[in-house]
Amino acid sequence: MERTSVEETLTSVIECMRACNHCFSKSLQEEDLHMFTECIRLTRECSDICTLALNALETDSAFSKPIVALCAQVCDTCAVECGRHLHDHCQACAKACERCAEACRTLVAA
C-alpha cells in the first residue's frame, strides 16, 4: 500500500474515532435517550472499528484491507444514523464518518 494513502486514511480514521467518541458522550447527555439509542450504539461500534483499523494500519497487519473495508461499512451506517439527528455533535460525526468511509474505500481499492 502506498504510504501517502495510508497516512491520509490514518488521519481520517483518527478524526472519525474522535468524532464518534464525542457524539457518543454528548448523546448520552440528551434528554430523550430513547431517541438516541441507535446513534449511541453505532457511534460506539464505529469508534471500536476505527481503533481496530488504526492498529491494523499502523502495524501493517496482513488483515488491514478487510478490516479497513469493514470500517468503511460501519462508518457508512453510522453516518446515516447520525445524519438523522440535527444536533451539532451528530452532524459533525456523520461528516467525519463519511470522510473516513471514503478514505477507507480508496485505500482498499489501491
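The values are calculated or read from the model by the stated rules, or taken from the named source; none is laboratory data. Remember, predicted model here, so these are calculated numbers, not experimental data. Counting neighbours? That spans all protein chains shown, and the Cβs are built from the backbone with ideal geometry, glycine included. When the accessible area is computed, the model is the full protein with side chains, heavy atoms only, and any ligands, DNA or RNA have been set aside. Shrake-Rupley method; radii C 1.70, N 1.55, O 1.52, S 1.80 Å.
Quick notes on this one:
- Of the numbered criteria (1) open to solvent by 80 Å² or more (accessible area, probe 1.4 Å); (2) within 13 Å of C75 (Cβ to Cβ); (3) not hydrophobic (A, V, I, L, M, F, W, C), the one S12 fails is (1).
- Of all residues in segment 23-44, those satisfying the criterion of being part of a helix (DSSP H, G or I) and in contact with a helix residue (DSSP H, G or I) (Cβ under 6 Å, 6 or more places away or on another chain) are C23, F24, K26, S27, F36, E38, C39, I40, L42, T43, R44.
- Cross-chain or 6+ apart pairs with Cβ under 7 Å, segment 11-24 first and over 13 Å from H85 (Cβ atoms), then of a type in the set (S, T, N, Q) and open to solvent by 20 Å² or more (accessible area, probe 1.4 Å): M17/T51
- Every listed requirement among (1) assigned to a loop (DSSP other than H, G, I, E, B); (2) of a type outside the set (D, E, K, R); (3) touching a Lys or Arg at 6+ places or on another chain (Cβ under 9 Å) is met by A19 save one, (1).
- With respect to the conditions (1) farther than 18 Å from C93 by Cα; (2) surrounded by fewer than 15 Cβ atoms within 10 Å (Cβ to Cβ), M35 falls short on a single one, namely (1).
- Positions within segment 77-90 being open to solvent by 10 Å² or more (accessible area, probe 1.4 Å), in a helix (DSSP H, G or I) and farther than 19 Å from I14 by Cβ, in sequence order: T77, V80, E81, G83, D88
- Summed over segment 45-76, residues that are open to solvent by 70 Å² or more (accessible area, probe 1.4 Å) and either among the β-branched types (V, I, T) or assigned to a helix (DSSP H, G or I) (or both) total 10.
- Total residues in segment 85-110, condition in contact with a Cys (Cβ under 6 Å, 6 or more places away or on another chain) and free of Cβ contacts under 8 Å to residues at least 40 places away in the same chain: 2
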